[in-house]
Amino acid sequence: MKNSRGKGFFCLLAAVVIIVLCGYFGYRTAGDVKLGLDLAGGVSITYQAVGEATDEQMDDTVYKLRRRVDTYSPEADVYREGKDRINIDIPGVSDANAILETLGQPGSLRFTDMDGNTILTGDQVSSARAAVADNNGSNEYVVSLTFNEEGTAAFAEATSRLVGQQIAIVYDGEVVSAPVVREAITQGQCSIDGIGSYEEAENLASTIRIGALSVELTELRSNVVGARLGQEAVTTSLQAGAVGFAVVAVFMIAVYLVPGAASALALALYVGLMVILLAAFEVTLTLPGIAGIILSIGMAVDANVIIFTRIKEEIGGGRSVEAAIKAGFEKALSAIIDGNVTTLIAALVLFWRGSGTVKRFATTLAMGIVLSMFTALFVTRFILRALYNLGLKNPKLYGVKRDRKPFNFVGIRKFTFAIPVVIFAIGIGAMVMGVSSGRGAFNYSMEFMGGTSINVTFNEDMSLDQISEQVVPLVEEVTGDGDVQTQKVEGGNEVIIRTRTLSAEEREQLNQLLADHFGVDENQITAESISGVISSEMRADAILAVAIATVCMLVYIWFRFKNIRFAASAVLALVHDVAVVTVCYAVFRWSVGSNFIACMLTIVGYSINATIVIFDRIREHLKTAGQKKDLAELVNESITQTFTRSINTSLTTFIMVFVLYLMGVSSIREFALPLMVGIVCGAFSSVCITGPLWYMMTAGGRKRQAEGGR
């Protein structure tokens, strides 16, 4: 006994020391975490087209520049300003010259023979990437080029007649490379070798990419700009996170007693490690990134709840505490792995196919999932064993879950299925009314629709807080819209204000108000139309990424549960959750911007998890009962047994988001409110829709099978 208690004491002490150390290093490295443009500001660079350019050429250039900038910073924003300008906002940096040097000067790119005759131009290059090739066991640095159909034909003709000669790559009038043609290249792909280092190869690839633009650009101006949301957003988010974590920890201890205390310690370690990893991997944290962290914290709590509920069941079934702890972790393992792996698949696909907002979300979510699985399956178990060995062995300290009479969830399916039908009907009606009134089906923000960018030079250096308190209300008075973004240009009194598109009369009214209230010289106020930051290509990328992720999740669930009905039910419930929240955006006219994308991605990642837990219990009962038990009874029993887990997990995640809503700035609340709706909706669909839906599919299959056997 003494030996056991001594072991428990030293294990618990070691765990506490590690948690304290991780907390300390997390606190020390928190200042090293990169913040995105919305939270910390960065560099804003404006390019202007040289000569005439069509709208199609400008849009194509914006898209290519965004792909180029993504290799430097996925958090950057690229959008049109006026007719012939392109603006690039890059977060987390303050040296505009260094950025310009790295980004390069967009200009003309040509491939020529040595007499100066043009073979092909930059717009015929599809891609250029640095790579490392194996050359007889040694590494060789190369640049791989891919040409479009027109470029493939031109390059094939040129290389066929220029074997043994050089082809010059000319950028802005300077030869940046002149490789020798060894053979005719007819497949539309080639490699430039003989490069001294990977850095040199990457620089050459970057030069070719930035030169392969439809329009030649020249730098017009560059500024260091302040955060869009301001320091207040960072501070309140951190405070909300701390308060939410404390409330969740108290809730877990109150409900699960000793296991709850173990999970609170494990979650503290999770938070410390998460901050350290964000700094170590130089992840740029933005609002969507915060969303990914919130979701992963919810999943970390979820894993603990699954385990602790199992432990309660085992103790209620008559097992000893020690045996219950062991069985609880073993029986919860499949549900935890399936739920987390399903979401991890989604995160990886979103990172692979997404861009900008989607990548920011996917990065933090993937990191959080891996970390949450580690803390739930290993750290919580280690601490719980230590507490048990320390002498906390009374079953009352772990809780006892008695079997309750199954509720007839299958029997009320007509009612529960009718609820979303009514909601969808209301949503469709709201969309139709919006379109007929000229407002549109949704209240799209300037991030989607574009707007007006106003540069104002004030007579004093105003802080972001002063701008929010004094200037923004005047802008909202003119626009009648709360979608106003402000940025401060460092080193001066200039402020950038972005709003919905303003008419000439509204611009004059705003100019007059600024002059009356702040004594601003109206000649120092300039306004330009800007395109949406979220382009049609980004929207297409996001939709495609979500579609592929959904298919991959469906395939994984199908593979793991050996039944397509499980996968189909889970995906239909996921679609239901997304659709209901979308309806809320239409009915309540919530602003649809980048927060909308982050919210929907969070719901996609979150709602599938509760469904997996219920299906895992159904699968378990099918193995033991098989065809002997009534199918409806089996489903009702499975949902009832996991009901407490579903409610507690949703409640803890809801608490985190609700505190963020109460304490956050307006833009944070715009994200938190629909997310709370999504959490409630996900809990409803998991409990009331997925199980009955699976029952209907399976019962129908069994009936057809029985009829066929007669």
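Points to keep in mind about this one:
- Carbon plus sulfur fraction of accessible area for the chain, probe 1.4 Å, in percent: 57
- Lys, Arg +1 and Asp, Glu -1 on Cβ, resulting dipole of the chain about Cα centre, debye, nearest 20: 6200
- Per residue, the solvent-accessible area of the chain (1.4 Å probe, heavy atoms of protein chains only, all protein chains present) comes to 43 Å².
- Volume in Å³ per residue [convex hull over Cα atoms, computed for segment 499-620]: 137
- The helix-only estimate of mean residue ellipticity at 222 nm for the chain, built from DSSP H runs of length n ≥ 4 each weighted as -39500 (n - 2.57), is -21000 deg cm²/dmol after division by the residue total.
- Comparing Gly82, Asn523, Ala249 along the charge dipole axis of the chain, the residue lying farthest to the positive side is Ala249, per the Cβ-charge model.
- Rg and Dmax of segment 425-580, both derived from C-alpha coordinates alone, stand at 22.5, 72 Å.
- Measuring between their Cα centroids, segment 441-515 and segment 127-197 lie 49 Å from each other.
- Gyration tensor (alpha-carbon) shape descriptor, segment 373-460, a/c threshold 1.5: oblate
- When the GluC sites (Glu not before Pro) in segment 113-221 are filtered for DSSP coil states and for at most 15 other beta-carbon atoms within 10 Å of their beta-carbon, the remaining sites are Glu183.
- Using a cut-off of 30 Å between Cα atoms, the listed pairs Lys312/Lys359; Lys401/Lys629; Lys401/Lys623; Lys326/Lys629; Lys414/Lys623; Lys396/Lys562 include Lys312/Lys359; Lys396/Lys562 as exceeding that distance.
- Mean separation of Cα pairs under 8 Å and 6 or more residues apart, divided by the residue count, gives the chain a relative contact order of 17 percent.
- Taking the DSSP bridge list for the chain and keeping only pairs wholly inside it, about 95 percent are antiparallel.
- If a spin label sat at a point 7 angstrom from the Cα of Gln239 along the line to its beta carbon, the backbone N atoms of segment 643-664 nearer than 20 Å would be those of 655-664.
- Gyration tensor (alpha-carbon) shape descriptor, segment 327-425, a/c threshold 1.5: oblate
The values are calculated or read from the model by the stated rules, or taken from the named source; none is laboratory data. The structure displayed is predicted, hence computed values, not measured ones. Note that each Cβ is placed from the backbone with ideal geometry, even for glycine, and that neighbours are counted across all protein chains shown. With ligands, DNA and RNA removed, areas are computed over all heavy atoms of the protein, side chains included. Shrake-Rupley method; radii C 1.70, N 1.55, O 1.52, S 1.80 Å.
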